[in-house]
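The values are calculated or read from the model by the stated rules, or taken from the named source; none is laboratory data. The shown structure was predicted, so the numbers you read here are calculated from the model rather than taken from an experiment. Methodologically, a virtual Cβ is constructed for each residue, glycine included, from the backbone with ideal geometry; neighbour enumeration extends over all protein chains shown. We work out accessible area using only protein heavy atoms, side chains counted, and drop any ligands, DNA or RNA first. Shrake-Rupley method; radii C 1.70, N 1.55, O 1.52, S 1.80 Å.
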Amino acid sequence: NKSENVIISIRELHRHRDFWPQHEAYLPERFLSNKMTNRHRFSFIPFGYGKRICSGMQLAMIESGIVINKIIKHYRLSLIDGKELCLNSMVTLHPASPVCLSIERINFNDIDITRLKHDNQTYRPITI
């Protein structure tokens, strides 16, 4: 019947145990290209899909990558008092109460970047 609407909870879809091992964990590495090849194409649709896909998706992805990169390169963020972040899911996902963060500037003199590892690979600094 064309008069019926179907509403999909994006929050629940993005945490569905059939699509995401450790579905409640924060694991950004799950989006690495080698881990995305066998994923269902509709298991992650943060901007919608089809005719009504968000027109600002490409700009949002580029801008968010730049901003997050700048922040994590220079600052360490942590929740104050170790409080758990509680979320409300309505039209958009947002915090249930104000988010209080501790922001600490990273002192690169204290970090040996030759020992940084990711996916069992050692990264070495380069000069550009």
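When you look at residue 86, is it at pLDDT 85 or above, touching a Pro at 6+ places or on another chain (Cβ under 8 Å) and either open to solvent by 80 Å² or more (accessible area, probe 1.4 Å) or among the hydrophobic types (A, V, I, L, M, F, W, C) (or both), yes or no?
On the way: at pLDDT 85 or above: yes; touching a Pro at 6+ places or on another chain (Cβ under 8 Å): yes; either open to solvent by 80 Å² or more (accessible area, probe 1.4 Å) or among the hydrophobic types (A, V, I, L, M, F, W, C) (or both): yes.
In short, yes.
Which pairs have Cβ atoms under 7 Å, sit 6 or more apart or on different chains, and link a residue in region 4-21 that is within 17 Å of residue 53 (Cα to Cα) to one that is open to solvent by 70 Å² or more (accessible area, probe 1.4 Å)?
11/93; 14/44
Yes or no, residue by residue, for (1) in contact with a strand residue (DSSP E or B) (Cβ under 6 Å, 6 or more places away or on another chain); (2) open to solvent by less than 70 Å² (accessible area, probe 1.4 Å); (3) of a type in the set (D, E, K, R); (4) at pLDDT below 85:
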site	(1), (2), (3), (4)
32	no, yes, no, yes
43	no, yes, no, no
58	no, no, no, no
63	no, no, yes, no
66	no, no, no, no
71	no, yes, no, no
76	yes, no, yes, no
110	no, no, yes, yes
127	no, no, no, yes
